[in-house]
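Here is the structure we will look at.
The values are calculated or read from the model by the stated rules, or taken from the named source; none is laboratory data. As the structure is a prediction and not an experimental result, all values here were calculated from the model. Neighbour counts are summed over all protein chains in view; Cβ atoms, including those assigned to glycine, are modelled from backbone coordinates with ideal geometry. Areas reflect the complete protein model, heavy atoms only, side chains present, ligands, DNA and RNA absent. Shrake-Rupley method; radii C 1.70, N 1.55, O 1.52, S 1.80 Å.
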Amino acid sequence: MGWVQYGMYTGDATTGLIALGANLPSGSIPPELSVPRAMDQLEEMCGEGTARSRLFATPAFPAGAGPDFVNAAMRVEWRGTAEALLDALHGIEEAFGRTRDNRWEARVMDLDLIGFGDAILPSAEVRAKWAALSPEEAAKVVPDQLILPHPRLADRGFVLVPLADVAPDWVDPATGRSVRAMLDALGAEELETIRPLD
């Protein structure tokens, strides 16, 4: 598979935070098995220093968009650029049969690069613009470049709950808020819908 080559960069590693999710089977493989298999591929690709969260069942976002998701998160040490890591994630998605027809559709595999060390990409101004979009606006537009940290991270319990398993003290360099602080700010009603599977 093409993604293996990306693990061969040399030099200092950067911590990457990755959110995983699926709510459709990949062929005959249900999400509760395909997500851990994607995590296995990430561990093989990145080598030592990886950490994986538990699996969680979460309602589809936005509400009514499909079956419940299986969500997870990983922390990896990556010797390469954020863009190369994103390309590698897309390669894993495609291996599981991912297509990109509609924004926030039901999917066989979704790997999102949430954060990359203390990088703010492509700039603090552009990231702030995307973070300020309403949910309705965000559903209609897709950025044509990598935006980091993920601009809607603070609003997404289905990302923050698994992320707290592997990087609770990671601080969003754009806002100065830790994963734990963002999670604590979410409403109990939303968090009650996120259930551990293992």
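What the table below lists for this structure:
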{"read-out": "Tally, over the range 125-177, of residues that are open to solvent by less than 30 Å² (accessible area, probe 1.4 Å) and either hydroxyl-bearing (Ser, Thr, Tyr) or farther than 24 Å from VAL76 by Cα (or both)", "value": "1"}
{"read-out": "Selection status of LEU33, within 20 Å of ARG98 (Cβ to Cβ) and assigned to a loop (DSSP other than H, G, I, E, B)", "value": "no"}
{"read-out": "Test set (1) in a helix (DSSP H, G or I); (2) more than 18 Å from the chain's Cα centre (by Cα); (3) at pLDDT 95 or above - GLU136 fails condition number", "value": "(3)"}
{"read-out": "Residue selected from the range 76-127 under the condition aromatic (Phe, Trp, Tyr) and modelled with pLDDT under 95, by the criterion nearest to ALA13 (Cα to Cα)", "value": "PHE96"}
{"read-out": "Selection status of SER178, touching a strand residue (DSSP E or B) at 6+ places or on another chain (Cβ under 6 Å), farther than 19 Å from GLU83 by Cβ and of a type in the set (S, T, N, Q)", "value": "yes"}
{"read-out": "Number of positions in the range 69-84 that are within 19 Å of PRO36 (Cα to Cα) and open to solvent by 30 Å² or more (accessible area, probe 1.4 Å)", "value": "2"}
{"read-out": "Answer residue from the range 54-65, given it is touching a Lys or Arg at 6+ places or on another chain (Cβ under 9 Å) and at pLDDT 95 or above and is surrounded by the most Cβ atoms within 10 Å (Cβ to Cβ) among those", "value": "PHE56"}
{"read-out": "Every residue from the range 34-53 that is surrounded by 14 or more Cβ atoms within 10 Å (Cβ to Cβ) and farther than 15 Å from ALA164 by Cα", "value": "SER34, VAL35, PRO36, ARG37, ALA38, MET39, GLN41, LEU42, GLU43, MET45, CYS46, GLY47"}
{"read-out": "Residue list for the range 143-166, restricted to those being of a type in the set (A, V, I, L, M) and over 21 Å from PHE69 (Cα atoms)", "value": "LEU146, ILE147, LEU148"}
{"read-out": "Residue pairs meeting the criteria (Cβ under 6 Å; at least 6 apart or on separate chains; first among the β-branched types (Val, Ile, Thr), in the range 44-61; second open to solvent by less than 30 Å² (accessible area, probe 1.4 Å))", "value": "THR50/VAL76; THR58/PHE69; THR58/ASN71; THR58/ILE194"}
{"read-out": "Qualifying position, being more than 23 Å from LEU20 (Cβ to Cβ) and assigned to a helix (DSSP H, G or I), among ALA181, ALA154, ALA164, ALA128", "value": "ALA128"}
